[in-house]
Amino acid sequence: MKRGWQFGEVVRNSQWLLTGFVAALVVIGILFVRSASAARADPVLQLLYRRQLAWAAVGFFLYGLLAVVDYRRWVEMGGGLYGVALILLVLTLVMGRTIYGSRRWLNFFGFTLQPSELAKLAFLLVAVWHLSLPGTDRTRWKTAWVVLGLAAVPAALVLRQPDLGTALVFPTLAVVLLLISGFPWRKLLLLGSVAVLLILYLAVALVGPKWLGMGEEAQQRVFRTMTGMREYQWKRLTVFLDPSADPSGAGYNTRQSLLAVGAGGWRGVGYGAGAQSALGYLPSTVAPTDFIFSVIAEETGFLGAVLLLLLYFGVVGCGWRTAWRATDSAGRLLASGITAMVFLHVFINVGMTIGLLPVTGLPLPLVSYGGTFMLATLAGLGLLQSVGIHRKPAERL
Amino acid sequence: MNRISGSTEKNRLVFWGGCMVAGFLYLGALLWRIQIVQGATYADDQRRQSRRAIRLSGIRGRIEDCHGVGLAVNRPDYGLVLRLEQYRQPGRWSRTIEAVGEDLKRVAALIGRPAEEAAAQLTRVARARRALPVPLWARLTPQETARFLEHRFLFRGIEIEVEPRRFYPYGSLAGHVIGYVGEREWTPEETRTFHYVLPEMVGRAGIERRYDEVLRGEPGRRVVLVDAAGYPVLQQERAGLFTPSFLAPRGGGDVRLTLDVSIQRLAEESLGNARGAVVVLDPRTGDVLALCSRPGFDPNHLSKGISVGEWQALQEATAGRPLFPRAIAAFYPPGSLFKPVVAIAALESGDWSVDTAVRCDGVFERGNIRVRCSSLHGHGTITLEKALEVSCNPYFCEMGLQMGLETIRRMAADLGIGRRTGIELDGEQPGLLPDAAWKRRRFGEGWWEGDTANLSIGQGFLGVTPLQMAVVGSALATGGRVPRPRLIRLVRRADGRVEETPLSVRNLGWSVANWNAVVRGLRRAVESPSGTARLVRLSTTSVAAKTGTAEYGAKGSGLVYAWMMAFAPVEAPRVVVAAVVEEGESGGQTAGPVVRRVLSGIFRENEG
C-alpha cells in the first residue's frame, strides 16, 4: 500500500469538472464576501475578502495535497486525526476565544481556528475507518452504537461551546454513513423515530412547556442539559416554531434575509447593490458569513441563486459519482460522507436563509466567510478527489 | 470480510442520491416561490422599511395692499440643524449623543446661545426622527449666522438651514385684517403617506385664515434612504441603491387687498391708544381702504407661537381685548349717527318735507317720554338741515314718532343695519335692528312709543358695527347706493389665474332733492360755526359729517361712545370715514380729531 503517487495517474483520473465547480464557488464566495462586507465602516473589515482569498489559497493547496495522496492512508490515520480533533475541541473549551457569546475559536500562531469544523472531517475519517474494518458487522446494533458514539463525543464538546447547529452535524453524518453502509432499514427507522421523538419533545418543551407539565425552571434545565443552548439560542428556535413570538427581536435576521432573497426577483438588484446588507438590515456580522446566500440571492436574483445551487449540485453529483465508482467500501463511504457533509450544509444554510429551517449558524460551504470551514471543506473535497484518483487499489497498479 | 456487499451500498447510494436531488429541487421550488411568486411583495416590504417619505411644507403666498405692498410675506429664517448621521457612533445611543455634545457646546459658545436649548431638542426629537436633521437653534441673527459661517468647517454635522418664515413687515398694522398663522395640526388622513411631516403654517385668523386655501402652497415630498439604524444614507455613498425622489414644494396664491397701507396707517395713528375703530371706505365701490380696531396686536408675535400666559393676556378685558376686531364685530349704539337714516327715511316716505319745522325747547316731552336736547335752552323752531347741523334731539324724536317704527326700520334695514355686510372676514357680527317681535321675545313686553323716540336718536336697543356705519355713510355720500364692502381686490392663484372680486352695489333710488337736503345738513354740521362736526372742516376739500355721542354704562357715569361719520369731497365723494372711540367725551370732541386726521392726511396727500 505504501506507494508514492504518479503524475500520470493523477491527471488521468482526477475530476477536473469537480475542481472547476469548487473553484467557481470559491470565487463567487470571495466576490460576495466583498460585496456583503462593503457596508462595514471599519476599513479592516472591508478587506475581509482578502483574508478569504488567503484562506482559499491555503485551502487549494490542501485540496491538491490530499487529492494526490491515496485516501486509504488518511482513513488509516483516522483514529489519530480524530484524537487530535478532540484535543483541540477540549482546548477550545478551556482557552478558546469567545465571540458573540460562544467559545468557538482557538488562537494558533496569530490566526484563529475553529476546531469544530476540522472535527467534522476527522469524525468522517474515523467512522469510515471503523465501518470498513473487516471485522465490522454493519447489520448489528453494536456498529450503530460505535458510530453514533464516535459522533457523540465531538458533538457533546461542540454543544458546550455552545453551537447546536454544528453539533447536530455529527449525528446526522453518522446516520448517513450508517445508511450508505447498509445498516438494516428497520433499525434505521427505529433510530430515526427515536430522533424524531426527541426533537418533538424538545419542540414541545420549547413552545408549550405546560403541556409537558414543565415550569419555566424545568424548561431551562432541560435545554441547558440536553442542548447546551443559551437562552438566546432557544429563543431563536421558539421564534422559528412560532414566528409571531417576536418579529423584531429573535426573528429579525430571518425576516431580513427573506426580504433580501425576495427582493432579488428574477435577475437581482446587481452586484454590490444589495440594500439589505449595504444598509445594515442584514447585520454586517452575519451577512458575509451565515447569510451570504441572502446577499447573493438579492444581488443576482433567482437566476443567480439557482446557478449557485446548480454549482453545488454539480459538486454533490461529482461526489456521488465518485462514491458510485469507488472500488472499495472505504472509498465509497468516504466519498458519500463528504458529499453528504457538503449537501447538508448547503441545504441547512439555504433553508435557514429562506425561513425553512431555524437559524442554526451553519455556513455555506466554500462561499461563507470563515477560514477553518473553508480549509475543512477544501480538504474534504481533496479527499473526494483522492477517492476518484486512487480508485484502483494501489497494489494492482 | 464484510458481510455487506458493494451492491447493497450502491442501492443505498441511489436512495441517498435521490434524497439529495429532492433536497435541491425543494430548495429551488422554495426560491421560485419567494423570488418569483412573492418577489414583488418582498421587494415592496424591503423598500418600505428603508425609505422615509418627508412632507415638505408648501410656501405661503403673499397678502398685499392695493398697491402691491406686502403685508404678509415670507422671509428667510436662518437656523442651525444637526445631521446626526455625521456623529453616529457604534453601540449605544448615548455614545452618539455624547459625540454630538462636544460640538453642540462649542457652537453654542460661538454664537452665544444656550446649549441646553439645543440639547433638549436633541433628546426630545432626534431619536425618533433620525432621518431628519435636528433643528438646534432657529431665528439666527445676521451676526450669529456670520459667526457660525466663519467657523463652519470645524463642525462636520452642523449646518445652516434656511426656511421661509411668515413675516408681517408692518407689525401690528391691520393685524385684525391680516390675521396670523399657527402651526398646523394634522389629521391622520393628511399624513398617511408620509413618515415625517415638517411643520407647516396655517391661517388662524383674518385673511390668513379666510383665504388659507388660496395662500397655502402645494406640499413637496422628499424620500430618503435610511439604514437599519434609521440614519439617512447619503446619495453619493450609495449610488445605485436608490433613485432619489424629490418633489419640490410649490408656492401658494397671493391675495391683494383693497386696503391702502398709508390710509390704514393714518387710521391707526389717529386712534392712538384709544379703544375704538376706524373704517375708511371708497363709497363708489365699497373698497375698504382702512379697517382698524384698537387695541391691536402684532401678528408676528402670535405667529411665532406664544405662551399660554401671553395668550390669556390678549383675551383679557382689562387690556381692551386686543384680539377683538371691533370694526366688524363690536356693536355700539350709533347715537346721533343714526339721525340721517331717520331723516332720509322720513323724506322718502313722503310724509315729511325738507321744510317741515319742529320747535325745540331743549327737551322733548310727550306722555311719559322725556328726551333732553344738547342745547339746554333749545334750538327754537328749526327745519331738517338745521336739525342735522346741530343734532337736535327733539326734532328727530318728533320725526321718528310721526314716521313710526316700521318706516325707520325699513330704511335702516335697506342700508344694511342689523345684517352682516358680507366683508371677507370671519367673525363679523350683524348688530341689532330691533322690532316689536324682538322686544317681546327679549323682554316680554310690547314696543312703546318711547322706544321709537329712543331709536330715532340712535339710542336704546339699536346696535351697529363701525363697518355698517361706514356703509351707511357710503349710501349717504352716493345718493342711496349701498355697496357691499370689498376687502379683497383680487386673488392670484398659484396657477396664474386671477380672480377679481366683482362690485356689488344696491341702489335704493332716493330722490335727489331729499338726498341733497340731508347732505346739506351734514355739510352744515361741518361748515357752520354751530355745527357739531366743525372740527373736521378742511381747507383742502369739502366735508360732510355727522357726530354721535352714545351713552353707555350706568346712567350719569359719563361714559360715551364717541362717533363720527364723514365723507369727502362732498361734490364727488371718494372717501367715507366712520370712527368710534370708547370712553370718549363726545362725538365732536373725541371722534372729530380722529376723523380729521384721517381726512386731512388723505386729502393733503392726494392734492399735494
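The values are calculated or read from the model by the stated rules, or taken from the named source; none is laboratory data. On a predicted model such as this, the values are computed, not experimentally measured, just so you know. For neighbour counting, all protein chains shown are included, and Cβ atoms are generated from backbone atoms with ideal geometry for every residue, glycine included. Keep in mind that these areas ignore ligands, DNA and RNA; they rest on the heavy atoms of the full protein, side chains included. Shrake-Rupley method; radii C 1.70, N 1.55, O 1.52, S 1.80 Å.
The table below gives the values:
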{"quantity": "Cβ charges +1 (Lys, Arg) and -1 (Asp, Glu), total dipole of the protein assembly as shown, debye", "calculated": "4240"}
{"quantity": "Share of carbon and sulfur in the accessible heavy-atom surface of the range B:52-257 [1.4 Å probe, %]", "calculated": "50"}
{"quantity": "Convex hull per residue volume in Å³, alpha carbons only, for the range B:240-358", "calculated": "231"}
{"quantity": "Within the range B:228-385: Cβ-based charge dipole about Cα centre, in debye rounded to nearest 20 (Lys, Arg +1; Asp, Glu -1)", "calculated": "380"}
{"quantity": "For the range B:76-170: accessible area per residue (Å², 1.4 Å)", "calculated": "55"}
{"quantity": "Largest-first ordering by accessible area, 1.4 Å probe, given options B:LYS386, A:LYS392, A:LYS120, A:LYS210", "calculated": "A:LYS210, A:LYS392, B:LYS386, A:LYS120"}
{"quantity": "Accessible area in square angstrom per residue, the range B:426-491, 1.4 angstrom probe", "calculated": "33"}
{"quantity": "Positive-end extreme of charge dipole, the range B:342-417 - chosen from B:ASN368, B:ALA413, B:ALA357 (charges on Cβ)", "calculated": "B:ASN368"}
{"quantity": "Accessible area buried, both sides summed, chains B and A with 1.4 Å probe, Å²", "calculated": "4500"}
{"quantity": "Bins of 5 Å, starting at 0 and running to the largest distance - Cα pair percent for the range B:527-571", "calculated": "5, 21, 23, 18, 12, 11, 6, 4, 1"}
{"quantity": "Along each principal axis, Cα extent of the protein assembly as shown, largest first, Å", "calculated": "156, 62, 45"}
{"quantity": "For B:ARG165, net neighbour charge (Lys/Arg +1, Asp/Glu -1) across residues whose Cβ lies under 11 Å away", "calculated": "+3"}
{"quantity": "Delta accessible area of at least 20 Å² on complex formation, residues of the range A:171-214, 1.4 Å probe, chain isolated as reference", "calculated": "A:VAL176, A:LEU179, A:ILE180, A:GLY182, A:TRP185"}
{"quantity": "Average accessible surface area per residue within the range A:7-392, 1.4 Å rolling probe, Å²", "calculated": "40"}
{"quantity": "Hull volume in cubic angstrom per residue (convex hull over the Cα atoms of the range A:256-325)", "calculated": "80"}
{"quantity": "Percentage of interatomic Cα-Cα distances in the range A:251-297 larger than 11 Å", "calculated": "60"}
{"quantity": "Accessible-area order (highest first, 1.4 angstrom probe) of the listed residues B:ILE59, B:ILE382", "calculated": "B:ILE59, B:ILE382"}
{"quantity": "Among A:ILE180, B:GLY509, B:VAL341 the positive-end extreme of the charge dipole of the protein assembly as shown (Cβ point charges)", "calculated": "A:ILE180"}
{"quantity": "Hz values of 3J(HN,Hα) by residue in the range B:582-587 - Karplus curve (6.51, -1.76, 1.60), Gly and Pro given as x", "calculated": "7, 6, x, 8, 7, x"}
{"quantity": "Cα-based convex hull volume of the range B:52-257 per residue, rounded to whole Å³", "calculated": "147"}
{"quantity": "Exposure of B:SER511 as accessible area (Å², to 10), given a probe of 1.4 Å and all protein chains", "calculated": "50"}
{"quantity": "Listed pairs B:LYS386/B:LYS439; A:LYS120/A:LYS187; A:LYS142/B:LYS10; B:LYS339/B:LYS439 exceeding 29 Å between Cα atoms", "calculated": "B:LYS386/B:LYS439"}
{"quantity": "Alpha-carbon Rg/Rh ratio, for chain A, with Rh computed the Kirkwood way", "calculated": "0.97"}
{"quantity": "Debye log10 I(q)/I(0) for the range A:93-154, one point scatterer per Cα, at q = 0.19, 0.25, 0.27 Å⁻¹", "calculated": "-0.75, -1.00, -1.10"}
{"quantity": "Share of carbon and sulfur in the accessible heavy-atom surface of chain A [1.4 Å probe, %]", "calculated": "68"}
{"quantity": "Heavy-atom accessible area order for A:TRP129, A:TRP211, A:TRP74, B:TRP510, largest first, 1.4 Å probe", "calculated": "A:TRP211, A:TRP129, A:TRP74, B:TRP510"}
{"quantity": "Cβ-based net charge around A:GLY262, under 12 Å, with every Lys or Arg adding one and every Asp or Glu removing one", "calculated": "0"}
{"quantity": "Rg/Rg_globular for chain B, with Rg_globular taken as 2.2 N^0.38 Å and Rg from C-alpha atoms", "calculated": "1.44"}
{"quantity": "Descending semi-axes in whole angstrom, ellipsoid equivalent of the range B:167-288, from the Cα gyration tensor", "calculated": "45, 14, 13"}
{"quantity": "Ellipsoid semi-axes in whole angstrom, largest first, where each is sqrt(5λ) of the Cα gyration tensor of the range B:280-338", "calculated": "28, 17, 6"}
{"quantity": "Dipole magnitude of chain A about its Cα centre (Cβ charges: Lys, Arg +1; Asp, Glu -1), debye to nearest 20", "calculated": "840"}
{"quantity": "For A:351-358, mean number of other protein chain Cβ atoms within 10 Å", "calculated": "2"}
{"quantity": "4 °C / 1.567 mPa s Stokes-Einstein diffusion coefficient of the range B:354-430, Kirkwood radius on C-alpha pairs, µm²/s", "calculated": "91"}
